[in-house]
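What follows is calculated from the coordinates using simple rules that are stated; it is not laboratory data. None of the values given here were measured: they were computed from a predicted structure. Here Cβ is always computed from backbone atoms with ideal geometry, including for glycine, and neighbour counts include all displayed protein chains.
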Amino acid sequence: MPQTKKKLEELLGKVRSSIGCQQAPAATYKPVPPSLSDYPEHALLQSMQQLYREGSGLRNPYFLPRSAEVGGTLRIEEKDYITFSNYNYLGLSHDPRVRQAVHEAVDRYGCHAGAARMVGGEIELHAQLEAELADFTGFEDALVSVGGYSTNVAVIGYLLDRRDLILHDEYMHNSGLMGAVMSGARRIAFPHNDMDALERLLREHRSQHRRTLIVVEGAYSMDGDLVDLPRVVELKQRHGAWLMVDEAHSCGTVGATGRGVCEYFGVSTSDIDLMMGTLSKSFASCGGFLVGRRELIDLLRHFCPGLLLYSTGISPANAAAALAALRLMREEPERVAKLQNNARRFRELAIANGLDCRTAVPGVPIVPLMIDNDGALKLMSRLFENGVIAHAVMHPVVPRDAARLRCFISAEHDEAMIQRTLELIVACTTHQP
């Protein structure tokens, strides 16, 4: 019997080998306690803590609580700072009319949706907000959920499975990548905004999969450049793919009236299968939303886990804030114009001062200022000491050789704030040891 068992195991091994599924030898691990040293981020955290150790003279500007509203400035410990590290792009989060709408909603509905929207958590404001978001963006229908990050994870994870293919820009937001992982679909990144590479991948792989989803951002949140939307649309149509555009940073900021990259490029919204946005940037609130064809949005509304199913509805306060902000943005188009003018001016002055803005598009309110990885934390702290907040972004969030200060521009910045900040950055980088 032992010999027979041995022969059967050998035969099974040959069969597995012949069809490419031979089992790898079982790994063995020593029974040691879990260690954070397994995480590369742990080393980064330790280096940050070492830099900001007591007696270094450098203040850690992360996780500092503000004590007042935020616009072009914010207050920390009774001191006012110019800030380029918030995305209250249109300055609506503290508008008195938005605040009043929030007060009225809380007085009427309380502080909590009450449940998942299907089973008692629906309030009138939800449907009103969705209808006006659909109308504003030019899509057939919309749904609103509790978080932008979770919206991407949930919808991508639900719509695709192991029979499918996801092609995404290499700079796609982490939420899109986590949704792709959750779906189980094959996932391939293409070089940033390289439409020729995307075309090659579609030609090579599209026919091998049931569905193919292309996932891109409208305005890329680390670089401030825009997707080549006309080319992406042409490729998705030619190859029978779906297209999902993450407009977290471009809806409300890009295009003549802030309606996003479709408006900017003159592309019909009917050419986009799904557009995702957030309420936490231009819309003075918190939450995520999807817009698209009515039939698809209705499917997601009823059955996508983590959007409205198995998730409490967005709070009355957040729904009211977003709805009021959306209406004000439409009534006061000068806010978008001011924002775009400020973004152009910041970029122009940065370049004139010899700073590297990478590929930031004029008028997009995200301007990266490239700096070496070792100097990013020190520069950030020196700016903070001098009354300016602009946070550094480093590896592993961006490539190792692509550290930067990521500056968010607001409609509430003025010329003096922009000039003061850029002059200070130049002075700090010039005299940096």
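Observations
- Against the chain, whose longest principal axis is taken from its Cα atoms, helix 229-238 shows a tilt of about 20°.
- Environment charge of E140, counting only residues whose C-beta is closer than 12 Å and scoring Lys/Arg +1, Asp/Glu -1: -4
- Here the chain is described by how far its Cα atoms reach on the three principal axes: 85, 56, 45 Å, from widest to narrowest.
- Take every Cα pair under 8 Å whose residues are at least 6 apart in sequence, average their separation, divide by the length of the stretch 87-222, and the relative contact order is 19 percent.
- Distance in nm between pseudo-label sites at R238 and E78 (7 Å out along the Cβ direction from Cα): 6.5 nm
- Order of C262, C304 under a 10 Å beta carbon neighbour criterion, fewest first: C304, C262
- Charge context of V70, other residues only, Cβ under 13 angstrom, K/R +1, D/E -1: -1
- Taken about its Cα centre, the chain carries a charge dipole of about 1540 debye when Lys and Arg each add +1 at the Cβ and Asp and Glu each add -1 at the Cβ.
- Radius 13 Å from Cβ of K338, net charge of other residues (Lys, Arg +1; Asp, Glu -1): -2
- Residue among P65, Y39, G114 farthest towards the positive dipole end of the chain, charges placed on Cβ: Y39
- Rg and Dmax over the alpha-carbon atoms of the stretch 181-301 stand at 14.5, 43 Å.
- Per-selection metrics, the stretch 72-225 (Cα): Rg and Dmax in Å: 20.2, 61
- Full-extension gain in nm, D401 to D414, via 0.36 nm per residue minus C-alpha separation: 1.5 nm
- Using the Cβ-Cβ distance between L45 and T312 with R0 set to 41 Å, the FRET efficiency works out to roughly 0.80.
- Positive dipole terminus of the chain, leading residue within A154, V291, F136 (C-beta point charges): A154
- Distances between placed amide hydrogens fall under 5 Å for T83 paired with T73, L74, I389, all partners being 5 or more residues away or on another chain.
- The string of couplings for the stretch 413-419 from the Karplus curve (6.51, -1.76, 1.60, θ = phi - 60°) is 6, 10, 4, 5, 4, 5, 5 Hz, one whole number per residue in order, with x for Gly and Pro.
- Averaging the Cα positions of each part gives two centres, and for the stretch 180-215 and the stretch 373-389 these lie 39 Å apart.
- Alpha-carbon Rg/Rh ratio, for the stretch 298-406, with Rh computed the Kirkwood way: 1.12
- Kirkwood hydrodynamic radius computed over the stretch 357-433 comes to 12.9 Å, based on all pairs of distinct alpha carbons.
- If the segment from R294 to E332 were pulled out straight at 0.36 nm per residue, it would be longer than the present Cα-Cα gap by 10.8 nm.
- Taking other C-beta atoms within 10 Å as the exposure proxy, R420, R238 rank R238, R420 from fewest upward.
- For the pair Q208 and R53, label points projected 7 Å from Cα toward Cβ lie 5.1 nm apart.
- Residue exposure sequence - K236, K30, K79, K378 - by fewest surrounding Cβ within 10 Å: K30, K79, K378, K236
- The calculated 222 nm mean residue ellipticity attributable to helices in the chain amounts to -13000 deg cm²/dmol, summing -39500 (n - 2.57) over DSSP H runs of n ≥ 4 and dividing by all residues.
- Dipole orientation for the stretch 307-378: of the candidates M329, I351, N318, M329 has the Cα lying most toward the positive pole (charges on Cβ; Lys, Arg +1; Asp, Glu -1).
- When +1 charges are put on Lys and Arg Cβ atoms and -1 charges on Asp and Glu Cβ atoms, the dipole computed for the stretch 119-167 relative to its Cα centre reaches about 400 debye.
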